[in-house]
Amino acid sequence: MKKFVLIPDSFKGTLSSSQICQIMQDRIAKFFPDALVKSIPVADGGEGSVDCFLTALGGEKVYVNCKNPYFEDMQGYYGLINNGQTAVIEMAVCAGLPMVEDRKNPLKTTTYGVGELMLDAVNKGVKKIIVGLGGSCTNDLGCGVASACGVKFIDKDGKAFVPTGGSLKGVYDFDISSIDPKLKGVEIQVMCDINNPPCGERGASKVFAPQKGADPEMVEFLDDGVKHICDLVNDKLGVDLSNLSGGGAAGAMGAGMVAFFGAKLDMGIDIVLNTVSFDKVISDADLIFTGEGKIDSQSLSGKVVIGVARKAKQQGVPVIAVVGGADGELSLAYEQGVSAIFAINKMPQDFSISRNFSKENLTFTMDNILRTLKI
């Protein structure tokens, strides 16, 4: 009996990783009806991360009353896995860009709700928190998260306040000793798939704030604010965030998680693979199917396909990458452990057209791969 492991990323804008797993599983059942199939849908830390972990490992989705990006009441959620010992939180649940719609303004938005989710999780006794960064509408360096968890930010008049992107420069001092004691001893791991630092030309404000509603003048103001907090953290805690790889993720929340919580930033796929015990899962596998919307030179720096391939190569398990498109020199992908790459698009069409046929094209491609395997 053959064993197939399915571990694709989403095809952004077309198919979720769970949908891709379902299509792959359906086609495998047609050609190899007796096969054992293990599905591990993957998300990069953004929307869908909680559901992916729950699908792969089982667990519970916990709903919590918290604040949205404008400090308004909402219902957020997180996932509990590993018998309630680990919480998985998507920051985008309560600080995501789609939530603000026509109210984009990174001067005023907050990550406060994310901290409320974290506190609820530690009150339930979790020993580890995985926080996914991605798709944010914020630029507050995670000061909102820290505030919700008890860190005190002080203005020049000695008054405590919750900083947003537009008021970071108004932070005169902060007190980390007031953080909720239940967080002490809890491991915090952050899923981060970019390497941008918090500030500067490649920082959170200059690279990502324009898509959150910032004009050029606002971008400079936001960047000055982030730099101010980085300098303050360095002075008070001796932690240099200025060139922290991944610190610019989610409006520099990556940097804030390191500074205020001692969190560890890791590539999202590495966290996923370790959490689902991937080495054990593939130890008796015959073939792995992975994939992402587009494989290119950026993918080779450690996205889903390459992360999976590296692990599989160590155990000699072949890997087929089924992708929306492929671009550039991909020989490194094969060197890293990818056995073959198949792009699903049948016709030379613009993405605006082909995206409407992703389900049909993926089905067609899987059928042809599996027909070949049957020969």
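The values are calculated or read from the model by the stated rules, or taken from the named source; none is laboratory data. Predicted, not measured: the structure shown is a model, and the values here were computed from it. In this analysis, Cβ positions are derived from the backbone assuming ideal geometry, glycine residues included, and neighbour counts consider all displayed protein chains. The area values use the complete protein model at the heavy-atom level, side chains included, leaving out ligands, DNA and RNA. Shrake-Rupley method; radii C 1.70, N 1.55, O 1.52, S 1.80 Å.
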Task: The lone exception for ASP102 - which of (1) under 21 Å from the mean Cα position of the chain (by Cα); (2) modelled with pLDDT under 95; (3) open to solvent by 10 Å² or more (accessible area, probe 1.4 Å) it fails - done: (1)
TODO: Those residues that are buried (at least 21 other Cβ atoms within 10 Å of the Cβ) and over 17 Å from ALA56 (Cβ atoms), I need them from segment 1-14; list them, please.
DONE: PHE11
Open item on the list: If I filter segment 192-207 down to residues being open to solvent by 50 Å² or more (accessible area, probe 1.4 Å) and not charged (D, E, K, R), which single residue comes out as modelled with the lowest pLDDT?
Closed with: ILE194
- [ ] Answer yes if at least one residue in segment 31-43 is assigned to a strand (DSSP E or B), touching a helix residue (DSSP H, G or I) at 6+ places or on another chain (Cβ under 9 Å) and of a type in the set (Gly, Ala, Ser), and no otherwise.
- [x] yes
- [ ] Enumerate the pairs (first residue in segment 277-301 and farther than 13 Å from LYS313 by Cα and modelled with pLDDT of 80 or more; second residue anywhere and of a type in the set (Asp, Glu) and buried (at least 21 other Cβ atoms within 10 Å of the Cβ)) with beta-carbon separation below 7 Å, excluding pairs fewer than 6 apart on the same chain, so at least 6 apart or on different chains.
- [x] GLY291/ASP9; GLU292/ASP9
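So, of the residues in segment 44-73 that are aromatic (Phe, Trp, Tyr) and assigned to a loop (DSSP other than H, G, I, E, B), which turns out to be surrounded by the most Cβ atoms within 10 Å (Cβ to Cβ)?
So the residue we want is TYR70.
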TODO: Return yes or no: is LYS169 in contact (Cβ under 8 Å) with a residue 24 or more places away in the chain and outside any strand (DSSP E or B)?
DONE: yes
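Only one of these is surrounded by fewer than 21 Cβ atoms within 10 Å (Cβ to Cβ), touching a residue at least 24 places away in the same chain (Cβ under 8 Å), not in a strand (DSSP E or B) and not aromatic (Phe, Trp, Tyr): GLY84, GLY115. Name it. First the steps, then the outcome.
Numbers: GLY115 fails: surrounded by fewer than 21 Cβ atoms within 10 Å (Cβ to Cβ).
Within the list GLY84, GLY115, the selection yields GLY84.
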TODO: Could you please find all residues in segment 1-30 being assigned to a helix (DSSP H, G or I) and out of contact with any Leu (no Cβ under 8 Å at 6 or more places or on another chain)?
DONE: SER17, SER18, GLN19, GLN22, ASP26, ALA29
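Regarding GLY246, is this residue at positive phi, in contact with a Cys (Cβ under 9 Å, 6 or more places away or on another chain), surrounded by 23 or more Cβ atoms within 10 Å (Cβ to Cβ) and not in a helix (DSSP H, G or I)? Talk me through it step by step, then tell me what you get.
Working: at positive phi: yes; in contact with a Cys (Cβ under 9 Å, 6 or more places away or on another chain): yes; surrounded by 23 or more Cβ atoms within 10 Å (Cβ to Cβ): yes; not in a helix (DSSP H, G or I): yes.
It is true that GLY246 is at positive phi, in contact with a Cys (Cβ under 9 Å, 6 or more places away or on another chain), surrounded by 23 or more Cβ atoms within 10 Å (Cβ to Cβ) and not in a helix (DSSP H, G or I).
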Open item on the list: Looking for something modelled with pLDDT under 95 and in a loop (DSSP other than H, G, I, E, B) - is there at least one such residue anywhere in segment 135-153?
Closed with: yes
Open item on the list: For segment 261-274, which positions are more than 14 Å from SER39 (Cα to Cα), open to solvent by less than 40 Å² (accessible area, probe 1.4 Å), out of contact with any Asp or Glu (no Cβ under 6 Å at 6 or more places or on another chain) and assigned to a helix (DSSP H, G or I)?
Closed with: PHE261, ILE269, ILE271
